[in-house]
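No value in this document is a laboratory result; all are computed from the given coordinates. All of these numbers come straight from a predicted model, not from anything done at the bench. Here the Cβ positions follow ideal geometry from the backbone for every residue, glycine too, while neighbour counts run over all protein chains shown.
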Amino acid sequence: MTDTLHALRPERVPGVPLSRLAPGSPEVPVTGVTLDSRTVLPGDLYVALPGAHVHGAQFVDAATAAGAIAVLTDARGGELAGHATIPVLVTSDPRHAMATAAAEVYGHPGDAMALFGLTGTNGKTSTTFLLQAALEAIDVRVGTIGTLGFWVGKTALEGSRSTITTPEAPDLQALLALMRERGAHAVAIEVSSVALDRGRVDELTFAVSGFTMFGQDHLDFHGDLESYYRAKTRLFLDGRSRAAVVNIDDPAGMRLAGEIRRDASARLTTTGTAPEAEYRLLETSPREDGSWCAQVATPQGRLDFVVGMLGDFNVRNALTALAMVGESGGDVAHAAKGLAHAAVPGRMQRLALAGDSPNVLIDFAHTPQAVSAALAALPPGRRIAVLGCGGDRDATKRGPMGAAAARGADVVIVTDDNPRSETPLAIREAVLAGALAEPAARARSIRDGGDRRGAIESALREARPGDWVAILGKGHERGQTIGTTIHAFEDATVVRELWSTIQGA
């Protein structure tokens, strides 16, 4: 699996002369930009950046052989590519230069559509799908970009796929150009803190950006919570967005709202239960089918609507989506009708199983806050949580995730997520330690369930009709990374296979 989207390029790229990107360079046309030498097409500008193990400039010969017409790199890359037979463009900030070049080559596609950006520790994916449903209800053709893939309307854009939330700048600009070709009028983009830190959305101006909530995540990359928070604020300040929708029930959201007011480059709209929120949640109530009813006060008047997704927090996500539609000039009342039909694979996803089965829920919860929210959203009944944590990621959240599961479930079965290069047992022990140390635990049983398939089977065999089995951590993912190998593994598929076996026993 590669981290590129070379197949997802527009069919028509007029190209721009290299001299426009770098004055003094040859007039040769540039028709693409890529970071990966393996995906270079004739006419591409190859961007050579330092990697975790090797510098991209070491692959200049391969890129040249594939048809690259120039190399963009940093000072070190310039030294490594000194022998190149194509122009080598050296800059102190190659990531920003890469974003600028890609936007120019693909014709600034973001300017032709209304861009909606979503950031937050949890809720980005769900809110993106809710926003898509709301916009489609008012006849807007929407493209979506995020963790679950890339879509225009109901059509998936199939290509090489990575696990990153927000594509690198060249891939993102090419993807936007393709969506423009396919007739999208608006694009909803999940914008991660890493993407903001690495300049992936440079050269884009968002019509409206939304902030869902803030909690602990990505400290392996950012180092501390303040740096993580500061990365997220970049979406809303210094003219990056024309309008901002912020959940002020979250303390970080309240802080961000103040910063947006002082910055004054974006129009601010707030959501939440606080009296001062422009989009104010008045009342919520669950329905027997798992959907939720909501009543809200909006600048366009009081509104009642249904959210077709489990969990009170998804009502709040829906409120953010509605406010974003309102800030773009859309009819909120009509947009709200689309929310009843929204569904997100791997996000509070209920599985229907044959026979006298327990209730099974699949969710991507991979932070302490998300684990707590997912378990709290479950209807009454005994709760069995199957929980894992990823390897080579923020290790400090493992204990708190275990503690959150212990507070919210009657049974906690700790298992593997994507251990990557770490020892699975060591990861599980950290989660177990957090669960066992939780003084307010309601869990009557906390145990190591071993590998993920075995843990899921254990949960299904223990569960009784009416119980809830919440399988957390991987959600929509179709693979499990162990070492450097990605093994086929999808929670929903495994649950159905195991339940069929259990039923047949």
- How large is the convex hull of the Cα atoms of segment 276-415 per residue, expressed in Å³ as a whole number? 147 Å³
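How much length is gained if the chain between His341 and Glu158 is pulled fully straight, taking 0.36 nm per residue apart and subtracting their Cα-Cα distance, in nm to one decimal?
Details: separation 183, 0.36 × 183 = 65.88 nm, distance 2.38 nm.
The span from His341 to Glu158 would gain 63.5 nm if fully extended.
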- What aspartates and glutamates sit close enough to Lys232 to cross-link, taking a C-alpha to C-alpha distance under 16 Å and skipping anything fewer than 8 places away on the same chain? Glu190, Asp197, Asp202, Asp217, Asp220, Asp224, Asp250, Glu259, Asp263
- Note on the structure: By the Cα gyration tensor axes a ≥ b ≥ c (a/c under 1.5 gives rounded; else a/b larger than b/c gives prolate, otherwise oblate), the shape of segment 349-504 is oblate
- Report, to the nearest 10°, how far helix 169-181 tilts away from the longest principal axis of the Cα atoms in the chain, using its own Cα long axis and a range of 0 to 90°. 80 degrees
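Within a 10 angstrom radius of the beta carbon, how do Lys154, Lys232 rank from fewest other beta carbons to most? Please list the in-between numbers first.
Values: Lys154 7, Lys232 22.
Fewest-to-most ranking of Lys154, Lys232: Lys154, Lys232.
Using the crude model of +1 on Lys and Arg Cβ and -1 on Asp and Glu Cβ, and no other charge, please compute the dipole size for the chain relative to its Cα centre, in debye to 20.
Details: 48 positive and 58 negative charges, 140 e Å.
My answer is approximately 680 debye.
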- For the chain, with +1 on Lys and Arg beta carbons and -1 on Asp and Glu, the positive-most of Ala405, Ile486, Ser265 along the dipole: Ala405
- Task: Report, please, the projected area of segment 371-423 averaged over directions, based on the convex hull of its C-alpha atoms, in nm².
- Result: 3.6 nm²
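How high is the relative contact order of the chain, in percent, with contacts defined as C-alpha pairs under 8 Å that are six or more residues apart? Present the calculation step by step, with values, prior to reporting the outcome.
Details: 1187 pairs, mean separation 55.5, N = 505.
Here the relative contact order equals 11 percent.
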- Note on the structure: Scattering profile of the chain from the Debye formula, Cα beads only, expressed as log10 I(q)/I(0) at q = 0.07 Å⁻¹, is -0.40
- Query: lysines near Lys154 by alpha-carbon distance under 21 Å, same-chain residues fewer than 8 away left out - which ones?
  - Reply: Lys124, Lys337
- Cβ-based exposure ranking for Val152, Val54, in which fewest neighbours within 10 Å come first: Val54, Val152
- Task: Can you tell me the 0 to 90 degree angle between the C-alpha axis of helix 312-327 and the longest principal axis of the chain, rounded to 10?
- Result: 40 degrees
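When Thr205, Thr155, Thr270, Thr100 are ordered from fewest to most other Cβ atoms inside 10 Å of their Cβ, what list results?
Working: Thr205 14, Thr155 10, Thr270 23, Thr100 18.
Arranged by neighbour count, lowest to highest, Thr205, Thr155, Thr270, Thr100 become Thr155, Thr205, Thr100, Thr270.
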- Sort segment 16-105 into rounded, prolate or oblate with this rule: let a ≥ b ≥ c be the square roots of the eigenvalues of the Cα gyration tensor; rounded if a/c is under 1.5, and if a/c is not under 1.5, prolate when a/b is larger than b/c, oblate otherwise. rounded
